[in-house]
């Protein structure tokens, strides 16, 4: 995929901020939401370019930097709770954030790509905003 094709699309007011983005796909694998557990998600806070979310077992936070359709995550940290059932998914999810370079945004989805245009993760917009 040509990275120049991955421009931000949608309405003028469309942005990442102040919304809950639920993880629906990691790599080529669909991520099923578990009804008895909190969904894996990420939130973007424009005021200080911070992020926070839930990775399957632990909460995480960090910062992001945007430049047109490029995005990078830095200073990621998480709590250190141990849970056997979601640790592999959590490690994969948090590791994926380190490889992200480009994003594509529509009114319903956020998709993250690496520098070669490989889709790393997809999120859907939640009805819950803060």
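The values are calculated or read from the model by the stated rules, or taken from the named source; none is laboratory data. As the structure is a prediction and not an experimental result, all values here were calculated from the model. Quick reminder, even Gly has a Cβ in these numbers, built from the backbone with ideal geometry, and neighbours come from all protein chains shown.
Contact map, the stretch 18-31: residues that are on the phi > 0 side of the Ramachandran plot paired with residues that are surrounded by fewer than 17 Cβ atoms within 10 Å (Cβ to Cβ) and modelled with pLDDT under 95, Cβ distance under 6 Å, separation 6+ or inter-chain. Pairs shown: 18/129. Within the stretch 75-108, the set of residues being assigned to a strand (DSSP E or B), surrounded by 15 or more Cβ atoms within 10 Å (Cβ to Cβ) and in contact with a strand residue (DSSP E or B) (Cβ under 6 Å, 6 or more places away or on another chain) comprises 76, 78, 102, 103, 104. Within the stretch 42-55, none of the residues are surrounded by 12 or more Cβ atoms within 10 Å (Cβ to Cβ), part of a strand (DSSP E or B) and modelled with pLDDT under 90. Filtered by the rule that a residue be farther than 15 Å from residue 54 by Cα and buried (at least 19 other Cβ atoms within 10 Å of the Cβ), the stretch 109-121 gives 110, 112, 113, 120. Residues in the stretch 114-123 include none that are without any contact (Cβ under 8 Å) to a residue 40 or more places away in the chain, touching a strand residue (DSSP E or B) at 6+ places or on another chain (Cβ under 6 Å) and either at positive phi or assigned to a strand (DSSP E or B) (or both).
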